[in-house]
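Contents: one structure, followed by commentary.
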Amino acid sequence: MGNSIEDDDDDSFTKPLGRRSVIYYGMGHMLNDITAACWFTYLLLFLTDIGLSPRDAAMVMLSGQVADGFTTILAGELIDRFGHFKIWHAAGSVLVAVSFSSVFGGCVPCKIFGSTSSTLETVGYSLFAAIFNVGWAATQVSHMSMVNCITLNSTSRVVLTSCRNAFTMIANLSLYAVALIVFAVTKVNTYADVENQYRWIAYSSIFVGCCFVGIFLFGTKEPRSRVGAQGNLHVRIAWAYWFKRVLYYEVAIVYVLTRLIVNVSQAYLAFYVINDLRMAQSAKALVPAIIYTCSFIVSVILQEIAWTGQRLKAYYTAGGIIWMFSGAAIIFLPRSMSAFMYIISIFIGVANALMMVTGISMQNVLIGENLGGCAFVCGSLSFLDKISCGLALYVLQSFQNCSPELQRTNAINVDISVTRFGLGLLPSFCALIGVAVTYSMKLHTPFSKPIMEPLLE
């Protein structure tokens, strides 16, 4: 009797997931995604609009990225040791919800001490940015680790990743819909008006995200410990095991470069359409919305594909090539042809979806059945992602402080600015390196049937 139950349990662990289970899982990162969209799209713009220098604004973001990076390592280690994915997820979500409004709601220490000095503002915003990112990291690592612990079916893992990416697009679209309304109906005359705009955006983001997190927590079950190949229950794998694998470094490079492409381009998108192309204020919500609409459509389509290692590499390469051409267009797009940015946005959205879904899925292939180290892998790669992104933005903003315009060609009305480099050149270069590394990978893990049967119900 006992063997029969165990065999049924192992069989369910290897069976493809049902669509309801996939959808419940995809909702779990909505709060993180909608706040991250606001963080990368509007934080630098918000801080500079209320009077901080570009370098101080970048310092606030860097403090959050550093806190995020180190928390991913700590959370990954603790989750590998003790499990309890949903507890980590819920605790992190609470911390995100409580602290996020303080990032965009004004400088709390400034109000307490009755001072408006730039130093105190920078410290105050940096403090709450760090707290927000601590909660964000705990939620992210626990959610990503669950992919590898609720199923060993390789196609189901890709489908889970694709569904999560689709809900990421929904989260971003929700944010930009709210932002479009706020920017359209409110007028800005003072710093207080700016803070009020973003306070409404932040509160709306938290409400929407918390609703989806609640559905996730009630709709999914805590993954059970599984029997490994050697008969051991969820044995923790030493860090050294991963450091000896070439595939770990290859996947790390691809994942970090992919996150740099998405996050850095998102951070400079609003600056680009407003300052470089001089488009209407609504464009800083409309252009990102087009990008994420296209990403959502592609993510949904990718859920229906029967994946193999070669297809992962091929689709990632296609996304990288599209980004290279898009980046070149961004660099040289003249202000007089700013309407073409809407077309470029379509290609960026497609490229982002192709690269994110396949890049994260390569991470799942790396983990395979080694569940005792899944949180470490997710945490360590996320650490590299957060630190590299924070440093990249800080360096770019430092140049923004002293050289907002490197070259001006009046004949075609193009300003080769730091913003153009951040949105066009850096992502294109990262895409080129990512494609080169992907080509050298050896992804031999077999991928099985599409989603059919429920697992978590």
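Structural remarks
- In order through segment 53-63: 3J(HN,Hα) via Karplus (6.51 cos²θ - 1.76 cosθ + 1.60), integer Hz, x for Gly, Pro: 6, x, 5, 5, 4, 5, 5, 4, 5, 4, 4
- Summary of packing: across the peptides 263-274, 212-223, 430-441, the per-residue average of other C-beta atoms within 10 Å ranks them, highest first, as 263-274, 430-441, 212-223.
- Förster radius 25 Å - calculated FRET efficiency between LEU425 and ALA314, Cβ distance, rounded to 0.05: 0.50
- Straight-distance crosslink candidates among lysines, where the alpha carbon sits under 19 Å from LYS442 and sequence neighbours closer than 8 are dropped: LYS244, LYS313
- Using bins of 5 Å that start at zero, the share of Cα-Cα pairs per bin across segment 231-320 amounts to 2, 9, 12, 16, 15, 14, 12, 9, 5, 3, 2, 1, 0, in whole %.
- Projecting the Cα positions of TRP136, SER93, ALA67 onto the charge dipole of segment 56-155 (unit charges on Cβ atoms of Lys, Arg, Asp and Glu, taken about the Cα centre) puts SER93 furthest along the positive direction.
- Positive end of the dipole of segment 170-311 (Cβ unit charges, origin at the Cα centre): among ASN275, ALA306, THR186, the Cα lying farthest that way belongs to ALA306.
- When Rg and Dmax are taken over the Cα atoms of segment 298-359, they come to 13.5, 44 Å.
- Residues ARG259, ARG20, sorted so that the one with the fewest Cβ neighbours within 10 Å comes first: ARG20, ARG259
Bear in mind that the values in this text are calculations on the coordinates, not laboratory data. Quick caveat: nothing in here was measured; it's all calculated off a predicted structure. Positions of Cβ are generated from backbone atoms using ideal geometry, with glycine treated the same way; all protein chains shown enter the neighbour counts.
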